[in-house]
Amino acid sequence: MSPAPHAATVLTYAEAELPAGLAAQVAALEAQAWPGAGAGHDPALAPRVMLLLDEDGTVAASLALLHKPVRHEGRTYRAAGLSAVVTRDTARGRGYGGRLVAAARAALAADPAVDLVLFSCDRPLVPFYEAAGFTRLPGTVLVGGTPEEPLATDAPGFAKEVLADFPGPDTDAAAFAGARIALYPGLVDRLW
């Protein structure tokens, strides 16, 4: 059965290859959600942009998938994380964001180059991500920024929770429960 001609569509691009018109829409969504924040991600994190286009072909929701090796408990994991998850104000309440996050989880789970998915979100958003299949890791802290200028999810006034998925067959999920995990991605993407 083929989708309706104007059904919502999920597309994925390497961030550097995102067509200009779509990039402008994503930048506008991000500026609306996070005024003053810069658009784009550190190229060292191999950013990929996932979009959900509504029936009219307009970006209804977007997110970025970021990738880097993470060393934890003597082992290096091929980690990915979600970043800049946003839904257009006028498109909220239609399930676009949930559909896009579920598509991101499925794409990362199917990627043989991903052992582990880790990211943080505001505490009230935890049920949204759990509905897409991610698992909350109580007591786990992600530390980003740089060793000289760390940014941790447990910083005072920084009400974040860590969520995860463990698609790698040899990834020990228990090793990440209640742990401090050094991401240290840099200053462009301080925490995914």
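The values are calculated or read from the model by the stated rules, or taken from the named source; none is laboratory data. Note that the structure is predicted; figures quoted are calculated from it, not measured. So basically every Cβ, Gly included, is an ideal-geometry build from the backbone, and we count neighbours across all protein chains shown. Side chains included, ligands, DNA and RNA excluded: accessible areas come from the protein's heavy atoms. Shrake-Rupley method; radii C 1.70, N 1.55, O 1.52, S 1.80 Å.
With +1 on the Cβ of every Lys and Arg and -1 on the Cβ of every Asp and Glu, and nothing else charged, how large is the dipole of region 1-125 about its Cα centre, in debye rounded to the nearest 20?
Numbers: 11 positive and 12 negative charges, 75 e Å.
For region 1-125, the charge dipole is close to 360 debye.
Ignoring ligands, DNA and RNA, what percent of the accessible area of the chain is carbon or sulfur (1.4 Å)? Walk me through the intermediate numbers first.
Numbers: 5230 of 9370 Å².
That share works out to 56 percent.
Beta carbons within 10 angstrom, averaged per residue: use that to sort the peptides 119-132, 143-156, 79-92, highest first.
The packing order, highest mean first, is 79-92, 119-132, 143-156.
Which angle between 0 and 90 degrees, to the nearest 10, do you get for helix 96-110 versus the longest principal axis of the chain when only C-alpha atoms count?
50
How long, wide and thick is region 1-153, going by the Cα atoms along their three principal axes, in whole angstroms, largest first?
50, 37, 31
Would you list the P(r) distribution for region 19-76, with all Cα-Cα distances sorted into 5 Å bins from 0 and each bin expressed as a whole %?
P(r) over region 19-76, rounded to whole percents: 4, 16, 22, 21, 15, 8, 6, 5, 2, 0.
Taking 0.36 nm per intervening residue step and subtracting the Cα-Cα distance, what contour gain separates R94 from D170 on full extension? Could you put the intermediate results ahead of the total?
Values: separation 76, 0.36 × 76 = 27.36 nm, distance 3.67 nm.
Result for the pair: 23.7 nm of gain on full extension.
Going by a ≥ b ≥ c, the root eigenvalues of the Cα gyration tensor, does region 90-192 fall in the rounded group (a/c under 1.5), the prolate group (a/b larger than b/c) or the oblate group? Please report the intermediate quantities before stating the final value.
Numbers: a/c = 1.66, a/b = 1.21, b/c = 1.37.
Oblate is the answer for region 90-192, as a/c is 1.5 or above yet b/c matches or exceeds a/b.
Compute the separation of the alpha-carbon centres of region 44-103 and region 114-165 and state it in Å as a whole number.
14
Counting only heavy atoms of the protein chains, get the accessible area per residue of region 18-83 (1.4 Å probe) and round it to a whole Å² value.
Values: 2890 Å² over 66 residues.
That works out to 44 Å² per residue.
Multiplying the sequence separation of Q32 and A20 by 0.36 nm and subtracting their Cα-Cα distance, what value in nm do you get?
Once the chain is fully extended between Q32 and A20, it gains 2.5 nm.
If you line up the long axis of helix 20-33 against the longest principal axis of the chain, both from Cα atoms, how many degrees apart are they, to the nearest 10?
The angle comes out near 60 degrees.
Hey, what's region 100-142 come to in accessible area per residue, 1.4 Å probe, Å²?
Using a 1.4 Å probe on heavy atoms only, each residue of region 100-142 averages 42 Å².
Along the charge dipole of the chain, which of W34, S62, A175 sits closest to the positive end, that is, farthest toward it, with unit charges on the beta carbon of Lys, Arg, Asp and Glu (+1, +1, -1, -1)?
A175
So if I place +1 on the C-beta of Lys and Arg and -1 on the C-beta of Asp and Glu, and nothing else carries charge, what would the dipole magnitude of region 71-191 be about its Cα centre? I want it in debye, nearest 20.
400
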